[in-house]
Structures are given as structure tokens and as C-alpha cells.
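For reference, the structure discussed in these notes is given below.
The values are calculated or read from the model by the stated rules, or taken from the named source; none is laboratory data. Fair warning: this is a prediction, and the values are worked out from it, not measured in the lab. Because the Cβ atoms are built from the backbone with ideal geometry, glycine has one as well, and the counts that use them run over all protein chains shown. The protein model used for the area step is the full one, side chains on, heavy atoms only, and it has no ligands, DNA or RNA in it. Shrake-Rupley method; radii C 1.70, N 1.55, O 1.52, S 1.80 Å.
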Amino acid sequence: LGSGDVGYTQFKTFTQEFRLAGSTEKLNWIVGAFFSDEKLKLHVRTVTYGNQFEQYLSGLLSAAGGLSTFTGVPVNNTTYVPGQGQNDTYDQKEQGAAIFTNQSYKFTDALELTVGLRYTWEKKDLHTFWNNTDGAKGCATALARFGAINRTLGGAYAALCATSSNPLFGKIAVNDQHKKENELTGTAKLSYRFSPETLAYVSYAHGYK
């Protein structure tokens, strides 16, 4: 990707479900299996410097002598190079599978019991990559010259060493997260039809997200 790119999102998904169903005079039934595979990749140029950032920052630091006081170089877009800045990538993968069944049984023409069960396996992996494309040169130079910068500069200090220009962030931060879940969910419903216009039922369901 070039310095002018603002990022991209890629999303790929594959799902497949198989079902087998049937019925008798009293029973309606279905059994099935489900599989999913998803890949999500997000590249974000979260914060990049513009052509006027150095001049703006130098103005904020005017009370302390301007940006050159902290970097030792003139304000000429060489410390905070336009197009450089925060560079993030998120790569997530998910695989899941499930087996399920749903059964409805009529004890009489009026009384019916429905039971459904589903067992799900799911695995998710997230790889996160944070980086500064210029190595946070501006803030790193200032810290090298002055050590702990005087925080009484307030908002000016925050701009000088914001997340997108912080050397601690610029050293490349990587984070990996993994999650696995196995869950049994289901439902049960008992219904009674008093007349064509009147149906009463009681039900219970358990799910998760």
C-alpha cells in the first residue's frame, strides 16, 4: 500500500447447511448440520499527517519556542511527513459447526409438543497489528532531546506525542486473541388449540450469542 492509501476491508465467508426432514401422521421432524468459515481482514490508516500538520503543531508549541525547539530541525514537513502515521491491521478468522434437530409431536389434534436442540462448536482467532509508518520520529526525537516532556504544555503535548505519533506505539504492537465455545441450546413448547381461533401455549428456550 502506498502512503496515500486509506485502507481496505476484505470479508470472505462460506456457509453450508444440510437438512433432512420428514413427517408421519403425528410427527414432523428435521435433523441437520451447519458449517461456517469466515475471514475478515481490516487495514486502517487511522491517523495520517497532512501538509499543514507541522505548521499547526509548531503553532501549538509557540509558547515553548515552536516545534523546532523539540526536534532541532526546521519546520519543513520532514519530521511529520505527509501521508505517514498510524497503520493498523486486524485479521479475524472464525470457524463454526453445529448439529440440530426439531421434532413436533401431536398427541391429539389439539395438543402438540415441539422440542428442538442444537449443539454448536465455534472458534475465533484475532490477530491485531498496530504500527507507525514513520517510527513516530517526531515524538521520539523530542523525547530524546528533553526526556520527559513538560506535560504543562497540555493539548500541545498531546498532539506532539499522540497515539499516532508515539514511539511506544511505533515499535509495532501485536496482539493475538483466541476463543473457543461449545454450547447446547434448545427450545420446548407445549401448545393446546381450544378452537380454530384460540391457541394457548407454554414455551422455554435457551440460546447464546
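Sort 192-202, 123-133 by the packing proxy (mean of other Cβ within 10 Å over each peptide's residues), most packed first.
Working: 192-202: 9.6, 123-133: 16.6.
Ranked from most to least packed, the peptides come out as 123-133, 192-202.
Leaving out ligands and nucleic acids, and using a 1.4 Å probe, what accessible area per residue does the chain come to in Å²?
Working: 12970 Å² over 209 residues.
For the chain, the solvent-accessible area averages 62 Å² per residue.
Could you list the GluC sites (Glu not before Pro) in the stretch 24-105 that lie in coil according to DSSP, counting only those with at most 11 other Cβ atoms within 10 Å of their Cβ?
Numbers: sites: GLU25, GLU38, GLU54, GLU94; in loops: GLU25.
Taking the stretch 24-105 and a limit of 11 other Cβ atoms within 10 Å, the loop GluC sites (Glu not before Pro) found are GLU25.
Restricting to DSSP loop positions (anything but H, G, I, E, B) with no more than 14 other Cβ atoms inside 10 Å of their own Cβ, which trypsin sites (Lys or Arg not before Pro) remain in the stretch 13-61? Write down the numbers at each step before the final one.
Values: sites: ARG19, LYS26, LYS39, LYS41, ARG45; in loops: LYS26, ARG45.
Sites meeting the loop and neighbour criteria: LYS26.
How large a share of the accessible area of the chain, in percent, is made up of carbon and sulfur atoms when the probe is 1.4 Å and the other protein chains stay in place?
Within the chain, the accessible surface is 56 percent carbon and sulfur.
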